[in-house]
1. Could you list B:348, B:332, A:1, B:312 in order of exposure, starting from the residue whose Cβ has the fewest other Cβ atoms within 10 Å?
2. Given the Cα atoms of the protein assembly as shown, and with Rh set as the inverse mean 1/r over their pairs in the Kirkwood sense, what is Rg to Rh to two decimals?
3. Can you tell me the dipole magnitude for the protein assembly as shown around its Cα centre, using point charges on the Cβ only (Lys, Arg +1; Asp, Glu -1), in Debye to the nearest 20?
4. How large is the charge dipole for the range A:160-238, taken about the Cα centre, if only the Cβ atoms of Lys, Arg (+1) and Asp, Glu (-1) carry charge, to the nearest 20 debye?
5. If I fit a long axis through the Cα atoms of helix A:137-152 and take the longest principal axis of the Cα atoms of chain A, what angle between them do I get, 0 to 90°, rounded to 10?
6. Based on the mean of other Cβ atoms within 10 Å per residue, sort peptides A:101-110, B:400-409 so the most packed one is first.
7. What does the extension gain come out to for residue A:71 and residue A:329, with contour length at 0.36 nm per residue minus their alpha carbon separation?
8. Using only Cα atoms, tell me the angle between helix A:313-329 and the longest principal axis of chain A; keep it within 0 to 90° and round to the nearest 10.
Amino acid sequence: MRVVHYLNQFFAGFGAEEAAGHEPVRLEGPQGPGRAFAAAGLHVDVTIACGDDRFALDEAASLATLLAWIDEDAPDVVIAGPSFGSGRYGYACGVLAREVARRRIPVVLAMTPDSPGVLAAEGGAYIVPTGANVAAMRHTVPVMTGLALRLAAGETVGTAGDEGYLPRGLRVNVRADDDAATRAVGALVAKLGGRVTTEIAPPADRVSPPPPVPDLAHATVALVTEAGCVPQGNPDRLPTRHANVWLRYPLDGVASLSADGYETVHAGFDTTDANLDPNRLVPLDAARALVDAGRIGTLHEEFFTTSGVDTPVAVAARFGQEIAAEIRNAGVDAVILTGT
Amino acid sequence: MSSTHADLAIATFAIDEIVEGTQTGRDGTTLIVSPPQLAVGAGEPALAEATVEVVRPGDRVRISNVCDAVVPDVRADDPSRTFPGPVGTADDHLGAEPVIHRLGGVCVLTSCDWEGAGYVGPDELPASIVDMAGPGRDRSPFGDTTNVVLRCVPAPGVPVGEADAAMRRAGATLARDLASATLGHTPDDRTLPVAFPDADPSLPAVCAIVQVASEGPLVDTFLDGAHLRDLRPRAIDPAWLYAGRITNGAYDWPGVRNVTAAYQEAAVIGALAAVHGTSLRFAGLILAPGYLDTASAKRASAEASAALAAAMGASGAVCTTFSSGNSHTDTMLTVRALERRGVATVAMVCETNGGLTDHVDEADCLISTGNEDELVDPWIPDRVIGGEAGARIGLATPTVNYLSGCTQLGNDVWTAVPA
């Protein structure tokens, strides 16, 4: 079993704030709290460390250096921290953990639940909750050790509730004691008695309506659709369902979407009428008319498209984030989003 | 509620073993099947091939392209009424003393490679799997039953509706013929699943709303063999579920659509019956459409279901869901409509890696039937029944590809928890 441990400059022994700009460093064997892990049964083979300020101010380069060492060492598990209540240290642990997890290497952290590192890890890490300072070390190290040993051995670990790590935003399947119908009736009887329970918490990512566009006559508007609208022949092979990509197509010089030039490959509805007039998928004709009438400033030079059928919500959320980033960078003020 | 169907009895015959013989029959808890005989019996002009194989829990077998699961039933009082529509006579009245003989621990699975037969495009119907061993065995409840697998190949040029009808008819016939081995025998167990005696009127009245979807060939649900594409919310006798009047012809997303066996076992009715007279009064069953095409149709259907529930005097409702994505909006709107009428509601829904597809504030009491996106480890079986295409051999496979892996009719024990 090979273990890599990430620390900041303080816990690696380089100094406190005066050493916060310390460049990334790789050290053999356990350092600082790494010795506590060894005492608990987890031997650290390699310690990597970085100053908190250095990581924050030069994240990309610091991360690249740290990850290159991890790639070279090919550990079975990476641990980081505990960072306790430290915001910068926690953030660095979280970002590093996110990238390590993307390499399919298990990673275990420890920090306060409100640390920015929790969000930065994006659900990739097992994060043991701690108190705000090193007094929590004695309780934290055994829990981290237990998780790391089992993850490194390829064993399955239990749920967040059973194991004591922070929920990662994932939902794993387990067998309940009763079938769903029995649980449903039980929950309903309780609800009728005034005690409301649920197995699924309300979503926390509800989208609030943005404020109105202040001056549409001078705004740049983009057209986005999940209606599967593509050029005839689907040259880029947009999947008809459970799409894993979104695409963009130029609108320069295109006054209207003709039936000869465009079609929908969406597998979720009867496309007959839409294919007769693809403007009903992407309302380019109407948008051009509004531009001509001076009610919209300009149209963005591309439209964005995917087929929104059977697409996992997580994938759709990623599409939205990626398209939104593109649009924001392009200076777009508003979007007309057509759905099916 | 005073019962009008208390006479429907389910007589169960436990089957411990299935052996192959020259004639289909039963010897105690051993079922003897003759695959060639059953295959011939299942023959249909619209099917070029219909082969029968038996697989048992623990066999290193993956069944692919699974379309439906049917519990072997026969109407002992009148076998001609078995599976009304596909093979039996349809009649709203079940008869004077209806008795269903049912085989326990056995299921008929139908399998057809619709893409290979040229009826659908690539990925139009997702992989549909049952594993009898390996890491995915417990992801489908049919990994734990002894399965008589009917693999069908449509005859060239047959319209899709005819080929599908032939396969469904063949599956129901096979299920009936297997159960017919019990005729004249005494069952191990006999229940009256829809006997709802008069209950204390001070108990809260609760209805069930069973959502089904019927969108066209290969994605239909049937009542007495007729598709339900024009279904409006309506009250039905819960005995209809047990009696095999609702059957499945929807083959997309196998983990979350309802197979025929799920209706036959009607867990939601069973759960309500278990506490009828003690914690609540059963008020009735509503069959409602899901996967509706427009926002207005969804709202109208939700309102109609809520109005029916109110007319039943219900102060509580249990909602089931059919499939995922689109139909979750139907469920959520139904929950909202019920709650706004003062009907306390619980709904069964599956989850995804990204959470719920839809949610309304009124949905404060939800039962999770599992995360349909969770990957099941790759497996290489010794044998595949149903064709290598779509069998996902050696690939990690989402739970939604396992038949009834996240069924939202309440029949299984899976749920999802934070990790």
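1. Numbers: B:348 28, B:332 25, A:1 12, B:312 20.
Exposure proxy ranking, most exposed first: A:1, B:312, B:332, B:348.
2. Rounded to two decimals, Rg over Rh is 1.01.
3. 1080 debye
4. Working: 8 positive and 10 negative charges, 32 e Å.
Computed about the Cα centre, the dipole is about 160 debye.
5. 60 degrees
6. In decreasing order of mean packing, A:101-110, B:400-409 become B:400-409, A:101-110.
7. 89.6 nm
8. The angle comes out at about 70 degrees.
No value in this document is a laboratory result; all are computed from the given coordinates. Keep in mind it's a predicted model, so treat the numbers as computed, not measured. Neighbour counts are summed over all protein chains in view; Cβ atoms, including those assigned to glycine, are modelled from backbone coordinates with ideal geometry.
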